[in-house]
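Have a look at the structure below before the remarks.
The values are calculated or read from the model by the stated rules, or taken from the named source; none is laboratory data. This structure is a prediction, so every number in the text was calculated from the model and none was measured. All Cβ positions, glycine included, derive from the backbone under ideal geometry; neighbour counts span all protein chains shown. Each accessible area value is taken on the protein alone, full model and side chains, heavy atoms only, with ligands, DNA and RNA left out. Shrake-Rupley method; radii C 1.70, N 1.55, O 1.52, S 1.80 Å.
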Amino acid sequence: MADIFLKEDIYDLLLNKFVVIIGDSIQRAVYKDVVLLLQANKYLTDEQLRKKGELNFEGDELIEGGRKGVMSNGISYREVRQYQTHYHLIRFYFVTRCYNTYVESILSDLSKEPEPDVIIINSCLWDISRYGANSIDDYKKNLDKLFTRFNEVLPKHCLVIWNTTMPISKSVRGGFMVPEVEFMNSTLRLDILEANFFARRVVVAHGYDVLDLHYYLRHQLHRRVEDGVHWDMTAHRRITNLLLSHVSEAWNKESPGNYKRFLTRTQNDKSSEVIEKNRDILRQKENSWFNINPYLHQFQITANDEKKIEPTLMTLPELMGAQCKESSQYQKIRNRPYQDQNLHSFDDQADNIRRYGGPIHKSSYVQPTFDFTQFEHQPWPESRQWQPYASNDFNPVSKRVTERGRHNPYSSYKQYRSDGHSYKANWFDNH
């Protein structure tokens, strides 16, 4: 799990370290977020994420390319940036291929003083989309060449982290998707999965580290911007935290543990909100009339219990020492020839008004031909007697009828249609 790094945490972790970031525009945003976090606890802005080749960013310097060279969206574009203080050195190289003569010149720079302590690198999208029909085969060969050269050039203490390519949209647009490669729009996201799988095998085989950003951001697609390739400031801060957590673990340094502190604070804030909300509810109940509804659910509603319930309706509020607001909802109780307290409560009256435009009266139910009360605590008997369904209670136009004729899951009956006749059974059937 990634920790949360603040300005003071990244300052201490990268103290007197030389960090090199190599890659495309997404890796450039990684560089910018690291430089910004070294100076302040804030996010990048959308404008800072979109800009490229500017002469300076948050105190850094454009070394070559960008505004000092030719601005383009082609494979020949170059940009080298560097942020330097008395205690930190962060450098970025823009590349469009994981290995070529330009990358070899970068390795020549890194073989000299100062030696890099960390190299963060990724190159994939340009490699497999801008270099012709054999681009994928060339990408596989170039990956092996790159890490072979890393073994020859880099010092042993240098930590190399390969970032896997993050998920892209199935409809990519913007500066990256030039007209010449639009035909790859529907398959490029699948090619990335295969490229990540192959790159992971090559990197691990040469003894270097892999950070699977595709895995960590696969459920963060809402943080991807409209072009379908780049990501917003919160996603890049998450990437920075993932990278710094990986570096801390690789160097056997203790993580700051900020996520535990923030998690505890969030939980305490939520607990306080819940407590205060409950207090508000209690205050409202104290100032309002007594709600009798919860106490009515404990009664079993049967035809023979009506006389028992009616006195309770009148005496229960007095016993509880509260005032009950008179309402016809509690004074008139529907007489039911069945027992079911789970599906039917005293809120059915309002429910029936909402569903059917008025209460369902006793006349709309068909009375059983035997005394139901003897089965109050027993399942419906096998030798149940069927009665024709009341014609005024079933309208196939207004009520949805399923394959077996079931309608309205809140109703007490199932309905069946067979040979042109309608029949009904009690709710206890098949339950």
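Against the criterion of being open to solvent by 50 Å² or more (accessible area, probe 1.4 Å), assigned to a strand (DSSP E or B) and out of contact with any Asp or Glu (no Cβ under 6 Å at 6 or more places or on another chain), Ile90 does not qualify. When residues in the range 225-254 are screened for being closer than 19 Å to Asp191 by Cα and open to solvent by 20 Å² or more (accessible area, probe 1.4 Å), 2 of them pass.
Here's the yes/no breakdown for (1) on the phi < 0 side of the Ramachandran plot; (2) over 30 Å from the mean Cα position of the chain (by Cα); (3) surrounded by 21 or more Cβ atoms within 10 Å (Cβ to Cβ):
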{"site": "Asn16", "(1), (2), (3)": "no, yes, no"}
{"site": "Val20", "(1), (2), (3)": "yes, yes, yes"}
{"site": "Gly23", "(1), (2), (3)": "no, no, yes"}
{"site": "Asp33", "(1), (2), (3)": "yes, no, yes"}
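Applying the set (1) under 30 Å from Glu182 (Cβ atoms); (2) among the acidic types (Asp, Glu); (3) modelled with pLDDT under 65 to Asp212 leaves exactly one unmet item: (3).
In the set (1) at pLDDT below 90; (2) open to solvent by less than 70 Å² (accessible area, probe 1.4 Å); (3) over 27 Å from Thr240 (Cβ atoms); (4) out of contact with any Ser or Thr (no Cβ under 8 Å at 6 or more places or on another chain), Glu182 fails one condition alone, (2). Of the numbered criteria (1) aromatic (Phe, Trp, Tyr); (2) part of a helix (DSSP H, G or I); (3) open to solvent by less than 60 Å² (accessible area, probe 1.4 Å), the one Tyr11 fails is (3).
Taking Arg173 as the residue in question, decide whether it is open to solvent by 40 Å² or more (accessible area, probe 1.4 Å) and within 20 Å of Val19 (Cβ to Cβ). Judged against the criteria, Arg173 is not a match.
Selection of the range 55-87 for residues being surrounded by 15 or more Cβ atoms within 10 Å (Cβ to Cβ) and closer than 22 Å to Ala40 by Cα yields Phe57, Asp60, Leu62, Arg81, Gln82, Tyr83.
Would you please list the contacts, defined by Cβ atoms under 6 Å and residues six or more apart or on different chains, that run from a residue in the range 107-124 that is open to solvent by 10 Å² or more (accessible area, probe 1.4 Å) to a residue that is assigned to a loop (DSSP other than H, G, I, E, B)? Every condition considered, the pairs that remain are Glu115/Pro155. From the list Asn134, Asn151, Asn142, the one residue that fits, being farther than 27 Å from Gly175 by Cα, within 40 Å of the chain's Cα centre (by Cα) and free of Cβ contacts under 8 Å to residues at least 60 places away in the same chain, is Asn151.
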